[in-house]
């Protein structure tokens, strides 16, 4: 299965799990669900254990994280399709034409 297809599968399964838990949670409360996208990413580095723990501590109803597949098939927790925004990947690999997660192996990352 290709990286894009695997990402779609993960997204669909995550959506189904969220829908199942949302239905149960909605029955118990009248207010909207609070979903922490990438954890509490405004107060901790996104998609990290610290952000997830903080979201739970802040009583988020759900925590959503992003998963991508590396070139060699390993799953990593990373939001963007490319790594320039949150890493120094351009300094580490200046001669690479692209900086997509799927262009790098686990060991390279």
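FYI, it's all coordinate maths here, none of it is from the lab. All of these numbers come straight from a predicted model, not from anything done at the bench. So basically every Cβ, Gly included, is an ideal-geometry build from the backbone, and we count neighbours across all protein chains shown.
Between region 36-76 and region 77-97, the alpha-carbon centres lie 18 Å apart. Peptides 94-102, 61-69, 79-87 ranked from most to least packed give 61-69, 79-87, 94-102, packing being the mean of other C-beta atoms within 10 angstrom over each peptide's residues. Working from label points 7 Å from Cα in the Cα-to-Cβ sense, the residue 92 to residue 109 distance is 1.0 nm.
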